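Visitor: Below is one structure. I have some questions about it.
The values are calculated or read from the model by the stated rules, or taken from the named source; none is laboratory data. The shown structure was predicted, so the numbers you read here are calculated from the model rather than taken from an experiment. In this analysis, Cβ positions are derived from the backbone assuming ideal geometry, glycine residues included, and neighbour counts consider all displayed protein chains. What goes into the accessible areas is simple: the full protein's heavy atoms, side chains included, and nothing from ligands, DNA or RNA. Shrake-Rupley method; radii C 1.70, N 1.55, O 1.52, S 1.80 Å.
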Amino acid sequence: MNKNIKILLNYVVGPLVFCVLCWSIYQQLMKQQNWQGSLQQAWRAITGPEAWKLWLTVILIFANYGLEARKWQVVVKQVQPTSFVQACKAVFTGTTLAFFTPNRIGEYMGRILYLGEGKRMQAISLTIVCSMAQLLVTWVAGIGGILYLMAYANTELLHTFAGPWMKMVLCFTVGAAIVLTLFYFRLAGLVRWMEKIRWLQKPVAYIRVLESLNATILIQVLSLSVLRYSVFLGQYYLLFDVFDVHITATQVAGAVSVMFLVFSIIPSIAVITDLGMRWKVGIEVVQLFDSNISGILATSLAVWIINLVVPALIGSLLILGMKLFNNRK
């Protein structure tokens, strides 16, 4: 991407969009009854009797990223066998670079740093397979979430705030999920088809490794993606309880699956915009079941810090250690 465009997106468009989102959120917060009390209650929850749920959510970071590391270890062994510890380091490092790049594209570059130079380009295509599996789970769960919201959410709010766009998202996601499923389970056929096109023969050399991913491996990666998705839902359930957002486990699954679906569709142009979008989408969806906007904001912020900021800090320490090691050499 052109350097000037990057600067424009990260330092002008991103903060501007964030400010617009924050103003909209502020207006909604002011309409909440006794919002000051709700904010104070959310703050007290951090040190109150429910604080153990917050710490459990933090511990689940390692389940979350451990599952992702296992996924990457399973696929990347096609080009270079790697230990689980090395896979964890690669995933955390990728998260650090993803944190500062639009749509998390830096994640691919961070992971391949732990592979031999001759294997890195092939590993990018394998990393994309991991992302495809997680995206497929997100879209399928999101379809179920939308159907659940349409059936059981607050009907008046649903029609007022989310009805029109939710139906459009549902139609788009059903079609996209079908196409993605076909691509995911027909990767070898896709590679063979691309090999027949002369001007694609050079890039095909880097993705030919996808032919080695049989159905067993693809299902294993997909299963790990489902488990990781369940960890995300568990984290939200715990934090909603901590910050006094009263919704059932089924409602959490329905609402959060729609949130993740929207996050996967809307492009993120900067870190600060990503946080604002999480706040806004979280409010619009979760308020269909509970009107505690301050609690929803606190939950969204906590999840963002726990699942993105903390892993990015861990990854930055790994990058620093890698640089120090290379300098010593």
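Visitor: Please specify each residue of the range 225-252 satisfying the condition of being touching a residue at least 40 places away in the same chain (Cβ under 8 Å), open to solvent by 40 Å² or more (accessible area, probe 1.4 Å) and under 23 Å from Lys71 (Cα atoms).
Guide: Val226, Leu227
Visitor: For residues that are open to solvent by 30 Å² or more (accessible area, probe 1.4 Å) and touching a Leu at 6+ places or on another chain (Cβ under 6 Å), scanning just the range 72-89, find the one that is modelled with the highest pLDDT.
Guide: Going through the qualifying residues, I end up with Lys89.
Visitor: Suppose we filter Gly189, Gly163, Gly175 for residues that are modelled with pLDDT of 90 or more and either more than 21 Å from the chain's Cα centre (by Cα) or surrounded by fewer than 13 Cβ atoms within 10 Å (Cβ to Cβ) (or both); which single one remains?
Guide: Gly175
Visitor: Looking at Phe92, Phe18 in this structure, which one is crowded, with 18+ Cβ neighbours inside 10 Å and modelled with pLDDT under 75?
Guide: From the options Phe92, Phe18, the qualifying one is Phe18.
Visitor: While we're looking at this one, here's another question. Answer yes or no as to whether Gln80 is part of a helix (DSSP H, G or I) and closer than 22 Å to Arg208 by Cβ.
Guide: no
Visitor: Let me ask you something else. Quick check on Ala69: is it buried (at least 21 other Cβ atoms within 10 Å of the Cβ), in a helix (DSSP H, G or I), at pLDDT 85 or above and of a type in the set (Gly, Ala, Ser)? So that I can check it myself, show each step before the final result.
Guide: Working: buried (at least 21 other Cβ atoms within 10 Å of the Cβ): yes; in a helix (DSSP H, G or I): yes; at pLDDT 85 or above: yes; of a type in the set (Gly, Ala, Ser): yes.
Judged against the criteria, Ala69 is a match.
Visitor: Next question, about the same structure. For the range 286-310, which residues satisfy the criterion of being over 19 Å from Ser257 (Cβ atoms) and polar (S, T, N, Q)?
Guide: Those that are over 19 Å from Ser257 (Cβ atoms) and polar (S, T, N, Q): Ser291, Asn292, Ser294.
Visitor: Oh, and also: If a residue has to be open to solvent by 10 Å² or more (accessible area, probe 1.4 Å) and farther than 17 Å from Gly106 by Cβ to count, how many in the range 118-133 make the cut?
Guide: 4
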